[in-house]
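The values are calculated or read from the model by the stated rules, or taken from the named source; none is laboratory data. Owing to the predicted nature of the structure, the values given are computational and were not obtained by experimental measurement. Neighbour counts are summed over all protein chains in view; Cβ atoms, including those assigned to glycine, are modelled from backbone coordinates with ideal geometry. Areas reflect the complete protein model, heavy atoms only, side chains present, ligands, DNA and RNA absent. Shrake-Rupley method; radii C 1.70, N 1.55, O 1.52, S 1.80 Å.
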Amino acid sequence: MSLLSNPFDPAREAALVTGAGNGIGRAIAQALVGEGVRTVFADVSGERVAAAIAAAPCPELAVPWIGDLAHRDAWDALLTDARSAVGQVTHFVHSASPPRREADHALAVDPETWEQMRSVNVDAGFYLSRELARQLIAAKVPGSFLLLTSLHAGTPRNLPHYSTSKAALAMLVKELAKTLGRFDIRINALVPGAIAAGGFVADPSLARHIPLGRIGKAEDLAPLALAVLSNRISAYVTGAAFVVDGGLSLTNWFDPPTLDELS
Ligand SMILES: NC(=O)c1ccc[n+]([C@@H]2O[C@H](COP(=O)([O-])OP(=O)(O)OC[C@H]3O[C@@H](n4cnc5c(N)ncnc54)[C@H](O)[C@@H]3O)[C@@H](O)[C@H]2O)c1
């Protein structure tokens with residue numbers, strides 16, 4: 001068998017993706033059902049989830065779930081509903097994140113906006129990961145989780161509620177990876193650069209700072225996401241952060257050399 005074929009075992013594995021209604025979460029959820037994995041598409045928007053499932057390669061493997069992940073009762077409902085719909089969730093992707101608004105800078109962001117960002121990104125990410133891990137430990141089944149962080153876990157974004165929540169998630173990946181490795185549960189971070197999805201309105205001029213010369217697409221994230229999620233491909237990978245940014249994070253105060261003589 002080829003090294004990279006059959007990354008999942010659909011008879012034993014099932015997935016839950018938050019933020020599956022749009023952007024990166026949608027692309028990953030669609031790719032998972034494309035690999036034959038039953039997948040819960042969780043999002044606050046029913047319309048978005050319906051459209052994401054309608055456009056998925058194997059829509060019959062997709063289970064819609066609609067709820068606001070800013071609230072703990074929704075986290076419990078999601079865990080219960082996911083279990084009854086697909087059985088044991090072995091693969092968890094946390095991509096849901098409230099909208100970023102440029103107006104919410106450090107001197108403006110209000111307590112509700114701050115709280116909502118933390119709640120959806122960090123609190124839901126922690127609670128869902130921990131409860132799914134508890135289920136996997138009890139069932140003695142391996143698992144793999146992928147939390148969406150950001151380059152802004154380490155560099156300012158002028159949105160302190162967002163950057164601090166992503167920094168917290170980056171550390172959560174390491175805490176969980178260290179604690180849960182003994183149970184064969186792997187936790188990694190996926191770190192997008194500038195991706196033209198719903199959460200980021202890309203100024204096209206940004207492309208000149210990107211060595212690969214273009215803004216990213218949600219679909220650029222899905223192949224690596226699946227490779228890291230796969231216990232077959234990435235069995236020895238945990239606590240790691242995978243940057244998918246076309247080289248954007250290499251940008252600094254030096255421009256690249258002019259190589260005109262080679263062209
Ligand atoms: N797009 C980028 O350039 C970029 C860069 C770095 C990190 N990220 C991260 O990747 C992830 C996906 O980003 P995206 O741009 O695809 O986002 P997006 O805005 O396109 O999608 C996020 C999804 O989360 C859902 N959501 C928001 N609040 C929710 C809630 N309270 N409960 C349930 N669902 C909720 C939205 O309805 C939406 O479908 C996010 O965690 C984001 O922080 C994105």
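Descriptive notes on the structure:
- The distance from the alpha carbon centre of region 9-41 to that of region 55-125 is 14 Å, rounded to a whole number.
- Taking the 1.4 Å solvent-accessible surface of the chain as the whole, the part contributed by carbon and sulfur is 58%.
- Alpha carbon Rg of region 1-110, scaled by the compact-globule rule 2.2 N^0.38 Å: 1.17
- Solvent-accessible surface ranking, highest first, for Met117, Met171 at 1.4 angstrom: Met171, Met117
- Projected-area mean, region 77-220, by convex hull of Cα positions, square nanometres: 9.9
- Rel. contact order, % - alpha carbon contacts under 8 angstrom, at least six apart, region 14-262: 18
- Selected from Leu32, Val17, Ile187, residue furthest toward positive end of dipole (the chain; charges at beta carbon): Ile187
- Taking every DSSP beta bridge that has both ends in region 14-262, the antiparallel portion is near 0%.
- The residues of region 14-262 have, on average, 48 Å² of accessible surface per residue, using a 1.4 Å probe with all protein chains present.
- GNM result for the chain, Cα springs below 10 Å: residue of Ile28, Ile215, Ile187 fluctuating most strongly: Ile215
- Evaluated at q = 0.10 Å⁻¹, the base-10 log of the normalised Debye intensity for region 14-262, with identical point scatterers placed on the Cα atoms, takes the values -0.46.
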